[in-house]
Amino acid sequence: MPIKSDKWIRRMCEEHRMIEPFERGQVREGVISYGLSSYGYDIRVAPEFKVFTNVHNALVDPKNFDDRSFVDIKGLECIIPPNSFALARTEEYFRIPRNVLAICVGKSTYARCGLVVNVTPLEPTWEGYLTLEISNTTPLPAKVYGGEGIAQLLFLEGDELPEVAYVDRNGKYMKQVGVTLPKL
């Protein structure tokens, strides 16, 4: 399964609307870069965040998520407290083809600041805005810029179609639209 090139990604976006909006090249002037690169696509973080807080001493439980665990922040800048965590979403909407798997890795600009972006794979036939998990591993507050690059997607094309894809098993995060919290 080789990693797909910019030509393949461009074709999939033009023919199948795999990424919308789709930026045909790297946007770099005065921003953390985003858009099409040689072997991937740099995604943007939308200016809406859920930053975890201990103000209410709530327990983080994936089976019973307490909304008091975080504060909502809307704006082009988000400060993530030291050794803390935020959820966000992409500006881009994705439609992953049945024979494709996408893997997300962090951008070096944020990695060099101690910010780690974690995203589970975009599975075949999954569709929606991607929820991003952003960890500040430093003892200092860290700034994230909404509307700018945050991570890169790498696309792998399977040699054959999977027997069961995300849509077939009624995946619980199908067509998510906002910053999506854990679901059971």
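The numbers here are math on the coordinates, done by the rules we state, and not lab data. For clarity, every value in this text was computed on a predicted model and none was experimentally measured. As a convention, Cβ positions derive from the backbone with ideal geometry for all residues, glycine included, and neighbour counts pool all protein chains shown.
Descriptive notes on the structure:
- Derived scalar couplings between HN and Hα for the stretch 77-94 equal 9, 9, 9, 9, x, x, 6, 10, 8, 9, 9, 8, 9, 7, 6, 8, 9, 10 Hz in order, rounded to whole Hz, by the Karplus curve 6.51 cos²θ - 1.76 cosθ + 1.60 (θ = phi - 60°), x for Gly and Pro.
- Structure remark: mean-square fluctuation, Gaussian network model of the chain, C-alpha springs under 10 Å; the largest value among GLY75, GLY106, GLY146 belongs to GLY75.
- Distance from the C-alpha centroid of the stretch 25-57 to that of the stretch 105-166: 9 Å, rounded to the whole angstrom.
- Dimensionless Rg/Rh of the stretch 38-95 - Kirkwood Rh, Rg from C-alpha atoms: 1.06
- Quotient of C-alpha Rg and 2.2 N^0.38 Å, computed over the stretch 84-184: 1.16
- Alpha-carbon spread of the chain, three principal axes, descending order, Å: 49, 41, 24
- Sorting the segments 53-59, 11-17, 30-36, 90-96 by their residues' average number of neighbouring beta-carbon atoms within 10 angstrom, most packed first, yields 90-96, 30-36, 11-17, 53-59.
- Percent of alpha-carbon pairs separated by more than 19 Å within the stretch 1-107: 56 percent
- The GNM of the chain, with springs linking C-alpha atoms under 10 angstrom apart, assigns the highest mean-square fluctuation among SER37, SER69, SER135 to SER69.
- GNM flexibility winner over the chain from VAL117, VAL100, VAL167 (Cα, springs under 10 Å): VAL167
- Size descriptors for the stretch 21-64, from the alpha-carbon set: Rg then Dmax equal 17.1, 45 Å.
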